[in-house]
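Working notes, beginning with the structure itself.
The values are calculated or read from the model by the stated rules, or taken from the named source; none is laboratory data. Small disclaimer: the values here were computed from a predicted structure and weren't measured. A quick note on method: Cβ atoms are made from the backbone with ideal geometry, for glycine too, and the neighbour counts reach across all protein chains shown.
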Amino acid sequence: MSATRLILAVLLPVLGGCASHAPAPVEQRGAAPAAQPAAAAASDPGVRYHTVKKGETLYSIALDQGQDHKDVAAWNNLDNPNLLKIGQQLRVTPPENAAPVAVAKPVTSSAPIEVKPAAGAATGGSSNSASLKREPKGGKLAWSDAALAKAQQAEKAGAPAEVKPELRPTEPKPAEKPAVTGDEVDWMWPANGKLIAPFAEGSSKGVDIAGKAGDPVLAAAGGVVSYAGAGLRGYGNLVVLRHNATYLSVYAHNSKLLVKEKDTVARGQKIAEMGSTDTESPRLHFEIRRQGKPADPQKFLPAR
């Protein structure tokens, strides 16, 4: 019995110590990364998305967002822009808005530049490099202010002349889009006919100007052709001009288009001929879009 008691006396403290430790908690790895995309989208207010609705096309979405339809197709990797699905999410802001682009800047630090000996120079260890730092160029003259000045003059005399690149005037390259000029647009009437339908919030996105088939349709301001075609239902043969980062203008129901996408046009330039495509009589439907939203053209056009 004494031996049994002795064994129990030894084992009981050990068993008690093991029972006092709580089991380690189970760490659920991989759960947190699943929430990262949502958190990234919430922290990036510069990116906007549009949900495709019934009857919408890439052209109508781009026009309503004040963007070029080709840009929207590129941002969303659309191989066929005609194949959109209801409920599909389309990015309608450029990638530059999503994250700032890192720009390499020249180093402006005033820290001393380390000068290493040439590959063919003698490598005699730290004592050699220390002596080169303490002696004038050549290492043969005793250290003095005069010797240092002489060495510096010799170095300047033997230094190769600095060749500066020839500065030539750079030729301005035509930009695909006009320079951003804020809200400063010099507007003019795009046609001479009578105003037959005014702008109406919620029902008419622009004004209708009467005329005869073949009458000239003029650019209301200088810009770049963002779209030219008949891909937008209800507009017929359509021209869209981008004037700057804020304004677009729209010219619909034309019988003939005289410009193509990416063309640069001047204020007053003939861009189309009036017609009656997708309407019952010859007319020009004209819109001004401010950041993609329809605005009353008569608030921008000169009085007449």
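Give, as residue ranges, the helices (runs of 4 or more DSSP H) completely inside segment 1-98 that count at least 1 residues that are closer than 30 Å to G234 by Cβ, modelled with pLDDT of 85 or more and in contact with a strand residue (DSSP E or B) (Cβ under 7 Å, 6 or more places away or on another chain). Give the derivation first.
On the way: elements: 2-19, 36-42, 58-65, 69-75, 95-98.
The helices (runs of 4 or more DSSP H) meeting that bar are 58-65, 69-75.
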Do we have K212 as farther than 18 Å from G66 by Cβ, of a type outside the set (A, V, I, L, M, F, W, C), assigned by TED's automatic domain parsing to the domain that holds A295 and within 29 Å of the chain's Cα centre (by Cα) here?
no
When R290 is run through (1) modelled with pLDDT of 95 or more; (2) of a type in the set (K, R); (3) touching a Ser or Thr at 6+ places or on another chain (Cβ under 8 Å), the failure sits at (1)
If I filter segment 196-227 down to residues being buried (at least 17 other Cβ atoms within 10 Å of the Cβ) and touching a helix residue (DSSP H, G or I) at 6+ places or on another chain (Cβ under 9 Å), which single residue comes out as farthest from K270 (Cα to Cα)?
F199
So, in segment 202-218, how many residues would count as being closer than 28 Å to N82 by Cβ and either touching a Pro at 6+ places or on another chain (Cβ under 6 Å) or in contact (Cβ under 8 Å) with a residue 24 or more places away in the chain (or both)?
3
Within segment 68-95, how many residues are touching a Pro at 6+ places or on another chain (Cβ under 8 Å) and in contact (Cβ under 8 Å) with a residue 40 or more places away in the chain?
1
Residues of segment 224-242 classified as not in a loop (DSSP other than H, G, I, E, B) and not β-branched (V, I, T), total:
8
Qualifying position, being of a type in the set (A, V, I, L, M, F, W, C), part of a loop (DSSP other than H, G, I, E, B) and more than 22 Å from L301 (Cβ to Cβ), among A221, A245, A213:
A213
Of the conditions (1) surrounded by fewer than 17 Cβ atoms within 10 Å (Cβ to Cβ); (2) closer than 20 Å to T57 by Cα; (3) at pLDDT 95 or above, T264 fails just one. Which one is it?
(2)
Let me spell it out: the conditions are (1) surrounded by 15 or more Cβ atoms within 10 Å (Cβ to Cβ); (2) on the phi < 0 side of the Ramachandran plot, and H253 meets all of them except one. Which number is the exception?
(2)
Filter segment 229-274 for residues that are closer than 15 Å to W187 by Cα and of a type in the set (F, W, Y); which is farthest from the chain's Cα centre (by Cα)?
Y251
